[in-house]
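To start, the structure under review is shown below, and the notes come after it.
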2 protein chains.
Amino acid sequence: MSGPILPANGPAEPERGDAARNRAAILVAARELVAQCGAAALTMDAVAFRAGLGKGTVFRRFGSRAGLMLALLDQSEREFQQAFMFGPPPLGPGAPARERLMAFGRARLAFMDVHGEVERARDLSAAIHFGSAAARLQHTHLEMLLRDGGVPGDARALAYYLAAGFDAGRVAFLLETGEFTHEQLAAGWEQLVDNVLPPLSE
Amino acid sequence: MSGPILPANGPAEPERGDAARNRAAILVAARELVAQCGAAALTMDAVAFRAGLGKGTVFRRFGSRAGLMLALLDQSEREFQQAFMFGPPPLGPGAPARERLMAFGRARLAFMDVHGEVERARDLSAAIHFGSAAARLQHTHLEMLLRDGGVPGDARALAYYLAAGFDAGRVAFLLETGEFTHEQLAAGWEQLVDNVLPPLSE
DNA sequence: AATAGAACCGGACCACGGTCCGTTTATTCA
DNA sequence: TGAATAAACGGACCGTGGTCCGGTTCTATT
């Protein structure tokens, strides 16, 4: 439950020169393959081959397929974090909590439109999936906004339930089957926020 | 978007005698193995061997590992459905929507305490996971209760966000890491319901 | 520059999910 | 009851994620 707020793209301790070089090469190769064939079709063998390395090296650097996907996602995720933590309102600080919560939903859904495929590809492995720094950060952010918005009781638990709505797999499924449109989900979120926060006293 | 309300344990059309027998044998074998080694450690080879059948047969009957898990879950899931659709209040009909929603949360969390492992083992495969009859039924149920409770706007979208909180993987992760206790999640759900529904006019 | 030792590399290897197709078996109908 | 047909069976086979360990390469120390 500790560690850096914003997840870094590199490892905690500095690696040897060749290791760092290889890590970069692997990321480049993976990005190219995703762009070319899609995240779902990316195989670890292909990444290793394209990077001109052995498969063992890829696993040594990233631990698993999920870990590699997480690393790929990392940069985009950090931009998103930057936006909701330090960016301009209403997503960033400066707007009332209610507006920020609403903006968060739209922003996250839009994020998934672009990066959802990679996000979805880092399957199972709950520890990596739900325990990632990005996931924690978003949870904490929502909790803070809820508290800020004057919600009574256990803001942390409430934040959990709200955050669960932004599951890449779930959202992708609903959009693909046509069960919901992006707009419906976005509007639903705003309504949820509206109902959860106490009425404005003005 | 059609089909039976309660998912059946067997296939739609009747199968040949031997096929039905084998289906039963596979389910028995799978259940024993789950009881013995846990759902996560269950392999399709082991199931086939224990059932005295070829692997191909197992896949023919259940399509995939996820499908087999779903079948294992099916009976328990149907009991749960029975309870919230026709059982005694407050979970079943007869109580006000607010109480029923609250009871639903507790009941579902308790369900996951028991069956969560199997539920979690039917990984990925969004179509099977999120599109299952049980998932749809719960979603519809929540939607109905929300509408019944007088929630304004798009009850369906709201129901989606509420249902997302009951993800076996998510819940298991939170409980295992000690981030939340069962009770905190249950209480959080009740608070969420309380906040989402319009205040009682009495 | 030489040496020691840790870190890293590679690719053979394993386990598991899933597919395929030749063979076997249940059912139907004459 | 026997032939015809459709369905089911089995297990060899494949691709992929992940592991392992002997050999190699980098870095620190003197």
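The values are calculated or read from the model by the stated rules, or taken from the named source; none is laboratory data. If you're wondering where the values come from, they're calculated on a predicted model, not measured in any experiment. With ligands, DNA and RNA removed, areas are computed over all heavy atoms of the protein, side chains included. Shrake-Rupley method; radii C 1.70, N 1.55, O 1.52, S 1.80 Å.
Note that the range A:17-196 presents 41 Å² accessible area per residue, ligands and nucleic acids not counted, probe 1.4 Å. The angle between the Cα long axis of helix A:155-164 and the main principal axis of chain A comes to about 60°, on a 0 to 90 degree scale.
With all protein chains present, how much of the accessible area of chain B (probe radius 1.4 Å) comes from carbon and sulfur, to the nearest whole percent? Show your work: numbers first, answer last.
Details: 5390 of 9430 Å².
Taking all protein chains in place, chain B shows 57 percent carbon and sulfur surface.
When N is the residue count of chain A, what does its C-alpha Rg come to as a fraction of 2.2 N^0.38 Å? Kindly include the intermediate steps, with their values, before the conclusion.
Numbers: Rg = 18.7 Å, N = 202, 2.2 N^0.38 = 16.5 Å.
Cα-based Rg divided by the globular estimate yields 1.13.
Leaving ligands and nucleic acids aside, the A/B contact buries around 3500 square angstrom of accessible area in total at a 1.4 Å probe radius. The angle between the Cα long axis of helix A:97-121 and the longest principal axis of the Cα atoms of chain A comes to about 30 degrees, rounded to the nearest 10.
Rolling a 1.4 Å probe over the protein chains gives A:D18 an accessible area of about 60 Å². Quick one: which bits of the range A:154-169 get at least 50 Å² less accessible when the partner protein chains are in, versus the chain alone, with a 1.4 Å probe? Buried on complex formation: A:R156, A:L158, A:Y160, A:Y161.
Per-residue Karplus couplings for the range A:16-22, computed as 6.51 cos²θ - 1.76 cosθ + 1.60 with θ equal to phi - 60°, are listed in order as 5, x, 5, 5, 4, 4, 5 Hz, Gly and Pro entered as x.
A straight line joining the Cα centroids of the range A:18-95 and the range B:69-112 runs 41 Å. Starting from the Cα gyration tensor of the protein assembly as shown, take the square roots of the eigenvalues, sort them a ≥ b ≥ c, and report rounded, prolate or oblate (rounded when a/c is under 1.5, otherwise prolate if a/b is larger than b/c, else oblate). The shape class here is oblate.
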